[in-house]
Amino acid sequence: MAKAVHDNTKKGSRRKKKTGKSKWRERAKNLGKNLLFAVLCAAVYLSADALMGCSIVRGVNDNIFWLIMILPVILLPIRSLVKGVRDWPSLLLNAFIGLLAGVGLLYLSILAWLGTNYLIPRSDSYERVAVVCGIKSEQRYRQAAHNYVNLRFADNGEGYRYDAGYDEYKGLQPGDTCIVTLRDGIWGYPVIRHLQPCEKSVSPQRDIKPLPNLLRERKILIFWGISKGCVC
């Protein structure tokens, strides 16, 4: 009898250990899922923020973005009412969850929209001249540091606030004239690929000389080289 009681006690302790291990595993899994979700949210936010800082978007109705963000705030409480939830705290909680979901959906939409425009080109790279009207650095935290450069394009007077990289930003001062390298994306929105002062242009524009002038210059150089060789 005493032996049976001792065996049952061992079995009970083993079950408790297994239950404890399974609980810790479940908690570890949930923690891993939450961390992965947080990393994905941060990646979506930072990527969308970077794309908004280099894409020149014009003629887009802002109400579309408000609709994307507010729609879950309205739909989740309606869903709770349909299911029979009538207390205000639950409805407010659902509205708050809908607000978070709406913000996430908004940034996902921006990432998909501007990301495809950035990755799929519609034109070759080209250059525009712009004047630096002002600069401002915001070092909130390292991954989301902003180096804003207010540009005014010389060809049409259009202004744009460009979120520059540190190497681009450190060489600029208000009043500088810059060469802005752009490329049109698949949706037709220009994307700034590079910015630097005029004297450091990546692909400086050269004067296209007429063919007779070019041939005349080449003949002069050849004649000068022959005459120099004869003198020597």
Debye-sum result for the stretch 44-136 in log10 I(q)/I(0), which assumes one identical scatterer on each alpha carbon, at q = 0.11, 0.22 Å⁻¹ | -0.50, -1.10
Leaving ligands, DNA and RNA out of it, report the carbon-plus-sulfur percent of the accessible area of the stretch 78-199 at a 1.4 Å probe.
-> 59 percent
In whole Hz, with x marking every Gly and Pro, tabulate ³J(HN,Hα) for the stretch 100-108 from phi via Karplus 6.51 cos²θ - 1.76 cosθ + 1.60, θ = phi - 60°.
-> 4, 5, x, 5, x, 5, 4, 5, 5
1/(1 + (r/R0)^6) with r = Cβ-Cβ of Leu92 and Tyr126, R0 = 41 Å, i.e. FRET efficiency to nearest 0.05, evaluates to 0.20
To the nearest 20 debye, what is the magnitude of the charge dipole of the stretch 127-199 about its Cα centre, counting +1 on the Cβ of each Lys and Arg and -1 on the Cβ of each Asp and Glu?
-> 280 debye
Per principal axis, largest first, the Cα atoms of the stretch 135-188 extend in Å by 34, 31, 16
Rounded to whole Hz and in sequence order, give me ³J(HN,Hα) for the stretch 76-86 from the Karplus expression 6.51 cos²θ - 1.76 cosθ + 1.60, θ = phi - 60°, writing x for Gly and Pro.
-> 5, x, 5, 4, 5, 5, 5, 7, x, 7, 10
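The values are calculated or read from the model by the stated rules, or taken from the named source; none is laboratory data. Computed from a prediction, not measured in an experiment: that's the story for all the values here. As a convention, Cβ positions derive from the backbone with ideal geometry for all residues, glycine included, and neighbour counts pool all protein chains shown. Areas reflect the complete protein model, heavy atoms only, side chains present, ligands, DNA and RNA absent. Shrake-Rupley method; radii C 1.70, N 1.55, O 1.52, S 1.80 Å.
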